[in-house]
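Taken together, the values in this text are just the output of simple stated rules run on the coordinates, not laboratory data. Quantities reported herein were computed from a predicted structural model and do not represent experimental measurements. Positions of Cβ are generated from backbone atoms using ideal geometry, with glycine treated the same way; all protein chains shown enter the neighbour counts.
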């Protein structure tokens, strides 16, 4: 099979899965992001890379967004928001942070592919994304390996969320570039 055929199949999967994402769940999260003083994000592996991209864009929008684990991440306060991206919703390091956040009265948003996971059950806001996760290894839905479908869909969902936030915050791409790092 040609590599470009693989690409077309991947895009077909993503299109089909995107149709299953809940508008209400996305709107609820966008509402909370807009009303939160500080937003923290966390994920591990490729899901962690995707959610770091969300934090980056929120900073470009002028929001106080931070990646958990960075040395410059500030202390949380009541009502802040923690967004965790985890395909399985069971990653131990993430559940430990989520428990700490809940004890500190930080609201928890979880983006996961597993509605029955530990993290999903803890969530104040849940975005359920379809796609394979580590927990479903024997129940293959995707032609792609491991959690690739979930991770790619996460990236797209985060970019769709950023577009919504841009409209709500009346921000253009040009204005966001003014907040882009200049010491690179």
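Details
- For the range 15-57, a residue qualifies if it is surrounded by 18 or more Cβ atoms within 10 Å (Cβ to Cβ), part of a helix (DSSP H, G or I) and more than 15 Å from the chain's Cα centre (by Cα), and exactly one does: 17.
- Annotation note: of 88, 154, the sole residue that is part of a helix (DSSP H, G or I), touching a strand residue (DSSP E or B) at 6+ places or on another chain (Cβ under 9 Å) and under 23 Å from residue 21 (Cα atoms) is 154.
- Top-ranked residue of the range 98-113 - restricted to ones that are assigned to a loop (DSSP other than H, G, I, E, B) and out of contact with any strand residue (DSSP E or B) (no Cβ under 8 Å at 6 or more places or on another chain), ranked as farthest from residue 69 (Cα to Cα): 105
- Residue 79 being surrounded by fewer than 17 Cβ atoms within 10 Å (Cβ to Cβ), more than 18 Å from residue 155 (Cα to Cα) and in contact (Cβ under 8 Å) with a residue 60 or more places away in the chain: no
- From the list 23, 13, the one residue that fits, being more than 23 Å from residue 90 (Cα to Cα) and touching a residue at least 12 places away in the same chain (Cβ under 8 Å), is 13.
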